[in-house]
Structures are given as structure tokens and as C-alpha cells.
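Structure, as C-alpha cells:
The values are calculated or read from the model by the stated rules, or taken from the named source; none is laboratory data. Worth saying up front: this structure is predicted, and the values here are computed from it rather than measured. No Cβ is skipped: glycine too gets one built from the backbone with ideal geometry, and neighbour counts run over all protein chains shown.
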Amino acid sequence: MDIFEAMALRRSSRAYTTEKVSAEELEKLLFAANSAPVGGAHYENIHLTVVQEPALREQLRAAGAGANSSADPFYGAPLVILVSARARQSSPGVEIANAACLVEHMHLAATALGLGSVYIWGCLPGLRADAALKTRLGIPDGFEPLSAIAVGHVAEAPAPRTFDGQYACDLFL
Ligand SMILES: Cc1cc2nc3c(=O)[nH]c(=O)nc-3n(C[C@H](O)[C@H](O)[C@H](O)COP(=O)(O)O)c2cc1C
């Protein structure tokens, strides 16, 4: 699949089968993350956490669900990859942009692999507030999980997107 096909097919998937993501697929997702741009090339400020082990995956679910205790903010996807980052005083906000770049690269790679995926943001305050879980996950001091992606197999492939130019775009050619 070429990159434009992957872009056309990329959609947020919110229902998954229980089939695990294979080691080969995970390797490609991590290749995608590692090839994303990072502000100032400060790669030392990024930390990835890959969770597919069911007991830990369940702890992530519980922390993300918070008061809504039975919900799964990762929609049953077997694999969750957290992108944690460390802020840089000299470049305010760059850590959020960096995390987004990594997630989007993985989102497109997942699509190219025929996997479903969805960008995860809304439930992450619950993870950031859980110091014990962050320690259990090995997230280093000074790093916070700022974005994540849930990945898995989907029963039904999404319909290809047709370009509908949804953004206002002024052209000065
Ligand atoms: C920064 C960001 C945060 C997002 N957070 C969530 C989230 O927490 N949970 C979720 O289900 N989808 C999340 N999404 C997915 C968007 O809802 C989705 O991209 C949007 O509805 C457009 O649909 P599409 O991805 O199928 O094109 C997020 C997307 C972005 C870019």
C-alpha cells in the first residue's frame, strides 16, 4: 500500500477483535514511531511504552476509565502504545507536538498493515495521575504520557476516505 492509499484508508477504529498484534507488526509500528520528526532532534525526551500483556492492559483501562469504571477508553484494542515525553523549557509545548508526530506515524503504519487504530488523548489525565502505574510501566521521572495509540484487528475495514477538503485553505500561488 502506498502512503496516499494509507492516508485515504486511515480512520479511527473503535471496535476490535481479540486477535493480538504480532511481533512483526509491532516492529513496523515502532519503526514508524522511530522515523517521526522530533523537535530539535531531542530524541532523549521521548519514551515509548508498549502494553499488550493482559493484566497490565487491564490496569491501563482502569486508570483511563476513572470514575466511569467499566468503560474501556481503548475500545478493546489488545495493544496500547503510550508516548511519554519530557518538556523543554526553551521550547514550550514541543513535547505535545512530538508525541502527536509519533502517534500519527504509527496510525498510518497501522493502516498500511491492515490494522485498526485510534489516537488516544482524552483518558490520559487518569494515567498521568496514577504515580504507581507510571512506576510500574517504567515511565522515567520527568516524563508524562502525553498521547497514545490503541491498535488491533478490526472485523470490518473502514471505507476509503474521499478528499472533501474539510479545512478552509487559502491558496497564494
Ligand atoms: C489529538 C487527538 C486526540 C484524540 N483523542 C481521542 C481520544 O481520546 N479518543 C478517541 O476515541 N478518539 C480520539 N481522537 C480521534 C478523533 O476523534 C478522530 O480523529 C476524529 O473524530 C476524526 O475521525 P477519523 O480519525 O476517523 O478521521 C483524537 C484525535 C486527535 C488528533
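Would you point out which residue out of ALA71, ALA33 is farther than 14 Å from LEU146 by Cα, not β-branched (Val, Ile, Thr) and not in a loop (DSSP other than H, G, I, E, B)?
It is ALA33.
Just to be sure I understand the filter: pairs with C-beta atoms under 7 Å, separated by 6 or more residues or on different chains, first member in the range 56-80 and in contact (Cβ under 8 Å) with a residue 12 or more places away in the chain, second member surrounded by 14 or more Cβ atoms within 10 Å (Cβ to Cβ) and among the hydroxyl-bearing types (Ser, Thr, Tyr). Which pairs pass?
If the second residue must be surrounded by 14 or more Cβ atoms within 10 Å (Cβ to Cβ) and among the hydroxyl-bearing types (Ser, Thr, Tyr), the pairs left are TYR75/TYR16; GLY76/TYR16; ALA77/TYR16; PRO78/TYR16.
Could you figure out which of (1) under 29 Å from GLU156 (Cβ atoms); (2) at pLDDT 95 or above isn't true of GLY93?
Failed condition: (1).
Quick check on the range 58-67. Is at least one of its residues of a type in the set (Lys, Arg) and either more than 17 Å from the chain's Cα centre (by Cα) or over 23 Å from LYS134 (Cβ atoms) (or both)?
Scanning the range 58-67, I find no residue that is of a type in the set (Lys, Arg) and either more than 17 Å from the chain's Cα centre (by Cα) or over 23 Å from LYS134 (Cβ atoms) (or both), so the answer is no.
Here are ARG128, ARG161, ARG86: which of them is touching a Gly at 6+ places or on another chain (Cβ under 9 Å) and either surrounded by fewer than 20 Cβ atoms within 10 Å (Cβ to Cβ) or touching a residue at least 24 places away in the same chain (Cβ under 8 Å) (or both)?
ARG86
Identify, by number, the condition in (1) more than 16 Å from the ligand (Cβ to nearest atom); (2) over 18 Å from GLY142 (Cα atoms); (3) assigned to a helix (DSSP H, G or I) that GLU44 doesn't meet.
(2)
Somewhere in the range 50-62, is a residue more than 16 Å from the ligand (Cβ to nearest atom), surrounded by fewer than 14 Cβ atoms within 10 Å (Cβ to Cβ) and part of a loop (DSSP other than H, G, I, E, B)?
yes
Here are some residues: GLU156, GLU144. Which one is acidic (Asp, Glu) and touching a Leu at 6+ places or on another chain (Cβ under 9 Å)?
Only one candidate qualifies: GLU144.
Go through the residues of the range 139-152 one by one and say whether even a single one is out of contact with any Pro (no Cβ under 6 Å at 6 or more places or on another chain) and modelled with pLDDT under 95.
Checked against the condition, which is being out of contact with any Pro (no Cβ under 6 Å at 6 or more places or on another chain) and modelled with pLDDT under 95, the range 139-152 yields no hits at all.
State yes or no: is ALA33 at pLDDT 95 or above and on the phi > 0 side of the Ramachandran plot?
Considered against the rule, which asks whether it is at pLDDT 95 or above and on the phi > 0 side of the Ramachandran plot, ALA33 comes out as no.
Can you name every residue in the range 5-31 that is within 16 Å of the ligand (Cβ to nearest atom) and small (Gly, Ala, Ser)?
Correct list: ALA6, ALA8, SER12, SER13, ALA15.
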